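Have a look at the structure below before the remarks.
The values are calculated or read from the model by the stated rules, or taken from the named source; none is laboratory data. Everything quoted here is computed from the prediction, not taken from an experiment. Methodologically, a virtual Cβ is constructed for each residue, glycine included, from the backbone with ideal geometry; neighbour enumeration extends over all protein chains shown.
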Amino acid sequence: MNDRKEVRVFVVDDETVIATTLTAILKQTGFDAVGFTNPLKALAAADDKSPDLLISDVVMPQLSGIDLAIQLKEKAPACKVLLFSGQASTADLLTSAR
């Protein structure tokens, strides 16, 4: 997977501007990036083509990023996960997710 075009990245954030901006940056640098504002849609999209990397917000209304990562890893065990949050209170959640 040395070629970035071969690396499929799912970017998931309920904030549209964050999801679209991160997706655009990844595409500009050569990754096969797909953005989602609904984690359930990202999970469904993994049925068609699994991502190599999930970049996801932790706090989202439909499904937490932690739960998304757990469910996605069941479908795509090799998928790497990067979780982030704009809320300081999620530090404990991220620690427990390890």
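Quick rundown of the values:
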| quantity | calculated |
| --- | --- |
| Which numbered condition Gly30 misses (of (1) surrounded by 14 or more Cβ atoms within 10 Å (Cβ to Cβ); (2) in contact with a helix residue (DSSP H, G or I) (Cβ under 8 Å, 6 or more places away or on another chain)) | (1) |
| Test result for Thr37, of a type in the set (Ser, Thr, Tyr) and under 11 Å from the mean Cα position of the chain (by Cα) | yes |
| Contacts under 7 angstrom Cβ, first residue in the stretch 53-74 being farther than 14 Å from Gly86 by Cβ and touching a residue at least 24 places away in the same chain (Cβ under 8 Å), partner surrounded by 15 or more Cβ atoms within 10 Å (Cβ to Cβ) and among the small types (Gly, Ala, Ser), 6 or more apart | Leu54/Ala69; Ile66/Ala97; Leu68/Ala42; Leu68/Ser56; Ala69/Ser56; Leu72/Ala46 |
| Hits in the stretch 46-98 - residues which are surrounded by fewer than 16 Cβ atoms within 10 Å (Cβ to Cβ), small (Gly, Ala, Ser) and modelled with pLDDT of 95 or more | Ala78 |
| Any hit, the stretch 36-45, residues being of a type in the set (Gly, Ala, Ser), out of contact with any Gly (no Cβ under 7 Å at 6 or more places or on another chain) and within 16 Å of Phe84 (Cβ to Cβ) | yes |
